[in-house]
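The values are calculated or read from the model by the stated rules, or taken from the named source; none is laboratory data. Since this is a predicted model, take the numbers as computed values, not measurements. In this analysis, Cβ positions are derived from the backbone assuming ideal geometry, glycine residues included, and neighbour counts consider all displayed protein chains. With ligands, DNA and RNA removed, areas are computed over all heavy atoms of the protein, side chains included. Shrake-Rupley method; radii C 1.70, N 1.55, O 1.52, S 1.80 Å.
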Amino acid sequence: MPFLIDGHNLIGQMPDLSLSDPNDEDKLIARLRQFADRANKRVTVVFDPNPADATPRIGAGRTRAGNVTAHYAPAGSKADDLIRMMVGEIKDKQGWIVVTSDAAVANFTRMTGVR
């Protein structure tokens, strides 16, 4: 079962990662890659755009590391919006798990049939 993860929400829940760390996203991706490799799962993680980083992201807002794909919401939008769009495009909704602490995103995903 693939995972779709709200990256900054997860970082905010992890006691040893901090949203104030400039490398927080890279550290989370490294951990998710270890998990994905051990569990033989595909993981997609979505991050809000970094307003201080004008560097264009690889692959139009997407990077890949092993079984982990990271998406960065475009400037002016939020990860929540991108997650909702991605959930809407999933064909096998029962085959996915969304990880978020955002109640609105969680309710939306449940209403569409995603766990």
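Counting only residues at least eight positions apart within a chain, or on another chain, the lysines with an alpha carbon under 20 Å from that of LYS41 are LYS27, LYS91, LYS93. About the centre of its Cα atoms, the chain shows a dipole size close to 560 debye [charges on the beta carbon of Lys, Arg (+1) and Asp, Glu (-1) only; nearest 20 debye]. Length available on full extension from ALA30 to LYS91: 0.36 nm per residue minus the Cα-Cα distance, which gives 19.2 nm.
With the charge dipole of the chain set up from +1 on Lys and Arg Cβ and -1 on Asp and Glu Cβ about the Cα centre, the Cα lying farthest toward the positive end among the listed residues SER18, HIS8, ALA65 is that of ALA65. State the percentage of accessible surface on the chain attributable to carbon and sulfur atoms; use a 1.4 Å probe and exclude ligands, DNA and RNA. With neighbouring chains kept in place, the figure for the chain is 53 percent.
Helix-only arithmetic for the chain: the sum of -39500 (n - 2.57) across DSSP H runs with n ≥ 4, divided by the residue total, places the mean residue ellipticity at 222 nm at -11500 deg cm²/dmol.
With Rh defined as the Kirkwood radius, the inverse of the mean 1/r over Cα pairs, the Rg/Rh of region 1-51 is 0.97.
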